[in-house]
Every structure is written in structure tokens, then in C-alpha cells.
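Step one of this worksheet: look at the structure below.
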Amino acid sequence: MPPDHSVIVDLAPHYNNAGIASCCDPTAEGLDGMGTIFCAESLPASGITIAYNGTQFVFPDKSDGVPDNISCEGQDIPLPVGHYRALHVLGMCDWRAFEEFIQLKAPDGTCTETSLGLSDASHYQGLKYGEREALTCPLITPDSLIPHVFLFGISPPGAGYEMTETHLEAGIWHQVISLETPRLLAGLVLPDNPSMHLFALTVETSG
């Protein structure tokens, strides 16, 4: 997607969760409130413009303790008023995979619905909603301070179950919401599901 056909949306004012931290920081609450974090040392530099699958995004500030993603709680995200044909999201779920509705807001305040599906960060589980891989990195918990991913229904390290090396990686995914026809939009309303996390958003114009 050419840069002049996209608008990078600043999500920083809406960040309410710090899911990235130094690998040696045992105090982080993390993505799920229980200390699960992405390892900062394995991620792009703070504030850098990066391209995944031809789409540019701005990576959040990954400093310890600084909010770096939106844990979805119905936030109202303003957009520059314009005609858009697709939404590009960098995100994941901290527990299982979810598909929820988001509201597309027109300048007059009327809304229409479209769906956003995000898979679990666990790399081995596969991508359930057509996402593409943006990046992979270790997922860490403070009780063991070793990379691991949560397996649904299986205890993490420190509770009598050790992960194998094939389960060490997790990821942040690139999801594209294509609109059937270009829409005149002024904003989005996110779903109310705190397990869904958004790190970056770029909207694709119809021009």
C-alpha cells in the first residue's frame, strides 16, 4: 500500500495497558494483569515506523511501565474525516481467540458494524481469522522468568508443567478489515473485550 494511501492513527492517547517490558522486570502487570509480557529486547525500537505486508505502522513506546497497547474496553478512536476502504491493525489476544464487532462512525454520528477477529498470541495455535504474522518474540512470566506461552487448560511453568522449545514464541498479528465499499468515517468504537489488544492502527484511504 503506497504511503500516500494510508493514515497512521496515533493510538497513544488511548493506551491503557503495558504489555511490553524488559525481560528481567518481574514487577510488570503485563497483558493479562498476571505478569505476562512481550520481551522488549526482541521488539522494534520505540516510535519507529515499520512496514508489515506493505503497510506502515508506528511501533509504540516500549519503555518499562509505559502503556503500549489498548486493552479493548469500548474506546472511541477518532479518525481524520475521510473515505476509507480498509483498517489495518497490529494486535493479538492474551487468552484464546476472539471475534467482536467494532463500530464505524460517520461524521454525523451514525454507526455501522464490522467484525474484528484476533487470534491468541500463542504462535503454535495458528491464526484463526486470516491474520498475517507481523512479528514474533518471546512471551515471559515473572514466576519463571523464562519465555513461554500459556496453553489453554494447561498450567504455565512454575505450576508443575515445563514448556518445550517449540512453544517459546508468541506473536503480534497484522489483521486487515476490508470494507465492501469505501466509507466516509470520522472514528471507530472498539469492542468491550479486555483480552483483545491493539498496538497500532493504520487506515487505508480510497484515493
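Give, as residue ranges, the strands (runs of 3 or more DSSP E) completely inside the range 30-84 that count at least 1 residues that are within 26 Å of ALA186 (Cβ to Cβ).
49-52, 55-58, 70-73
Just one residue in the set ALA45, ALA21 is farther than 28 Å from ARG183 by Cβ and surrounded by 21 or more Cβ atoms within 10 Å (Cβ to Cβ); that residue is ALA21.
Taken over the range 65-81, residues that are of a type in the set (A, V, I, L, M, F, W, C), out of contact with any Phe, Trp or Tyr (no Cβ under 7 Å at 6 or more places or on another chain) and within 21 Å of SER6 (Cβ to Cβ) amount to 3.
Name the single residue that is nearest to LEU31 (Cα to Cα) among those in the range 94-105 being acidic (Asp, Glu) and touching a residue at least 40 places away in the same chain (Cβ under 8 Å).
ASP94
Can you tell me which residue is farthest from ALA134 (Cα to Cα) among those in the range 22-62 that are in contact with a helix residue (DSSP H, G or I) (Cβ under 8 Å, 6 or more places away or on another chain) and free of Cβ contacts under 8 Å to residues at least 60 places away in the same chain? That would be SER22. Among the conditions (1) within 16 Å of the chain's Cα centre (by Cα); (2) loosely packed, with under 13 Cβ neighbours inside 10 Å, PRO60 misses just one, which is (2). Scanning the range 106-127 turns up no residue that is in contact (Cβ under 8 Å) with a residue 60 or more places away in the chain, assigned to a loop (DSSP other than H, G, I, E, B) and in contact with a His (Cβ under 8 Å, 6 or more places away or on another chain).
For the range 190-205, the criterion of being part of a helix (DSSP H, G or I) and either at pLDDT below 95 or β-branched (Val, Ile, Thr) (or both) is met by no residue.
Scanning the range 168-187 for residues that are surrounded by fewer than 19 Cβ atoms within 10 Å (Cβ to Cβ), within 30 Å of ILE140 (Cα to Cα) and either at pLDDT below 95 or aromatic (Phe, Trp, Tyr) (or both) returns LEU168, GLU169.
Looking only at the range 1-29, residues that are assigned to a strand (DSSP E or B) and modelled with pLDDT under 75 come to 0 in all.
The values are calculated or read from the model by the stated rules, or taken from the named source; none is laboratory data. Since the structure is predicted, the reported quantities are computational estimates derived from the model, not experimental observations. Here the Cβ is made from the backbone with ideal geometry for all residues, glycine too, and neighbour counts use every protein chain on show.
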